[in-house]
Amino acid sequence: MIILMAHWATEKHIEDLREHIIDLGMAAHIIESGKRKLITVSVSGGPLFDKSFETWPGVEKVFPIIQPFMLASREFHQENTVVPVGLKKKNSTPVFLGGGEFHVIAGPCAIEDEKTALEIAFKVKEAGCSLFRGGVFKARTSPYSFQGLGKSGLKILKKVKKETGLFIVTEVLEIQEIEEAFEVADILQVGTRNMSNYRLLESLGSTKKPVLLKRGMSSTIKEYLMAAEYILKNGNPNVILCERGIRTFETYTRFTLDINAIPAIKQLSHLPMLVDPSHGTGIWRLVESVSLAATAAGADGLLVEVHSNPQMALSDGLQSLIPERLKSLVDKAKAIKKVLRVYE
Ligand code: PEP
Ligand code: MN
């Protein structure tokens, strides 16, 4: 269960209650939620609910929560969470993920050089996108593959941001990289291979930077939402989920995009949910159809790999769209969203 403290609750109210819960043999964690404090209460035996806690001084409400991902669950937070991006940036219009706007984040798998990155970024902008993706710290399956430009790639992202005004999404693989990428990144991405890197998630949780958390390729929906919980529990409410395909027996496609996960997660959680059809299929010819299916299934946006010369791409060329195809995808996905809104 979650105990929501009143805005007037004192430190003593909170501390007395926390000690009482611990004396009862339960675990209690205090979380800052805007100007309020919450106490998550759990016990290894499973969910619990005791309405009598509402009689404690300083308590406003007790939420019964069955799901183990308490803060990520819709039981606790019924309205959709809206993650703002670029709210405090001068001379740019912020974007909002999860609040009814639909955004396609597009760009190359990896930043390769300044000229290519800028060329792709301007085309991404022309296609109607506000967010640019590009990895500089890359988690590649083979240690012999291109591992990303590292810190020098961040300088290129800075230039892209300055020249195009696009918001920047880039992946971090380890705690130290959070600080390195912090200034240029508007959203920090956690890749599929790091979904269960709990220390990394906790560190991202102690910032307020939006985090795009991809689903682990072999993780269940529950494990995935528990990973999001690590970030939320540490005080960062700005979590964006992203289905990117899971491992199945099918080998024709690179992964199997779990379309079920979109409505399932939208029902279970209040967090915004994107879909990555590029890694989900591994085949550029499938990317548009799968993007449209994901949009119809309720995705709040897409994450799409784009390259001006996919044959020469240093990573994931096979699944990268040429920029000319991106515009058609964005227009069709937005049209689907518009039709669906009529019935909301
Ligand atoms: C990526 O977005 O480039 C990436 C590496 O994705 P994933 O972690 O889903 O494989
Ligand atoms: Mn990639």
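Derivation of every value follows stated rules applied to the coordinates shown; laboratory data play no part. None of the values given here were measured: they were computed from a predicted structure. Methodologically, a virtual Cβ is constructed for each residue, glycine included, from the backbone with ideal geometry; neighbour enumeration extends over all protein chains shown.
Relative contact order, percent, of region 83-342 when contacts are C-alpha pairs under 8 Å separated by at least 6 residues? Don't skip to the answer; put the middle values down first.
Working: 551 pairs, mean separation 48.1, N = 260.
Taking the mean separation of contacting Cα pairs over the length of region 83-342, I get 19 percent.
Using the Kirkwood formula on the Cα atoms of region 2-63, what hydrodynamic radius do you get, in angstrom to one decimal?
11.6 Å
To the nearest 0.05, what FRET efficiency results for residue 327 and residue 36 with a Förster distance of 41 Å applied to their C-beta separation?
Values: r = 44 Å, r/R0 = 1.07.
For R0 = 41 Å, the calculated efficiency reads 0.40.
Per DSSP helix of 4 or more residues, -39500 (n - 2.57); summed, then divided by the residues of the chain. What does that give at 222 nm, rounded to the nearest 500?
On the way: 10 runs with 115 residues, N = 344.
Theoretical 222 nm ellipticity from helices: -10500 deg cm²/dmol.
Ranked from highest to lowest mean number of other Cβ atoms within 10 Å per residue, what is the order of the peptides 258-266, 124-132?
Values: 258-266: 18.2, 124-132: 21.8.
Peptide ranking by packing, descending: 124-132, 258-266.
Which residues does the label zone of residue 318 cover in region 106-135, counting backbone N under 17 Å from a point 7 Å along Cα→Cβ?
109-110
Using DSSP H assignments, which helices in the chain have an axial alpha-carbon span of 15 Å or above and a mean Kyte-Doolittle hydropathy of 0.0 or higher? Could the numbers behind the result be given before it?
Working: long enough: 11-23 (18 Å, -1.15); 114-126 (18 Å, -0.31); 151-164 (20 Å, -0.89); 221-233 (18 Å, 0.36); 284-296 (19 Å, 0.78); 323-342 (30 Å, -0.29).
Those that clear 15 Å and a mean of 0.0 are 221-233, 284-296.
What is the Rg over Rh value, at two decimals, for region 248-344, using alpha-carbon atoms and the Kirkwood definition of Rh?
Details: Rg = 13.9 Å, Rh = 14.0 Å.
Computed over Cα atoms, the ratio is 0.99.
Quick one: Debye curve from the alpha-carbon atoms of region 71-114 only, equal weights, vacuum; give me log10 I(q)/I(0) at q = 0.32 Å⁻¹ to two decimals.
Each listed q corresponds, in turn, to -1.07.
For labels at residue 16 and residue 340 in the simple 7 Å Cα→Cβ model, what's the distance in nm?
4.8 nm
What is the magnitude of the charge dipole of the chain about its Cα centre, with +1 placed on the Cβ of each Lys and Arg, -1 on the Cβ of each Asp and Glu, and no other charges, expressed in debye to the nearest 20?
For the chain, the charge dipole is close to 860 debye.
Tell me, how many Å apart are the Cα centres for region 171-243 and for region 287-344?
Cα centroid of region 171-243 versus Cα centroid of region 287-344: 23 Å apart.
Using +1 at the C-beta of Lys and Arg and -1 at the C-beta of Asp and Glu, which of 65, 279, 218 has the Cα lying farthest in the positive direction of the dipole of the chain?
So the residue we want is 279.
Using the Cα centre of region 5-88 as the reference point, and only Cβ charges (+1 on K/R, -1 on D/E), how large is the resulting charge dipole? Debye, rounded to the nearest 20.
340 debye
If you take the alpha carbon radius of gyration of the chain and divide it by 2.2 N^0.38 Å, what ratio comes out, to two decimals?
It is 1.03.
Could you order the peptides 233-241, 248-256 from most to least packed, using the average number of other C-beta atoms within 10 Å per residue? It would help to have the intermediate numbers written out before the result.
Values: 233-241: 21.7, 248-256: 12.4.
Result, highest mean first: 233-241, 248-256.
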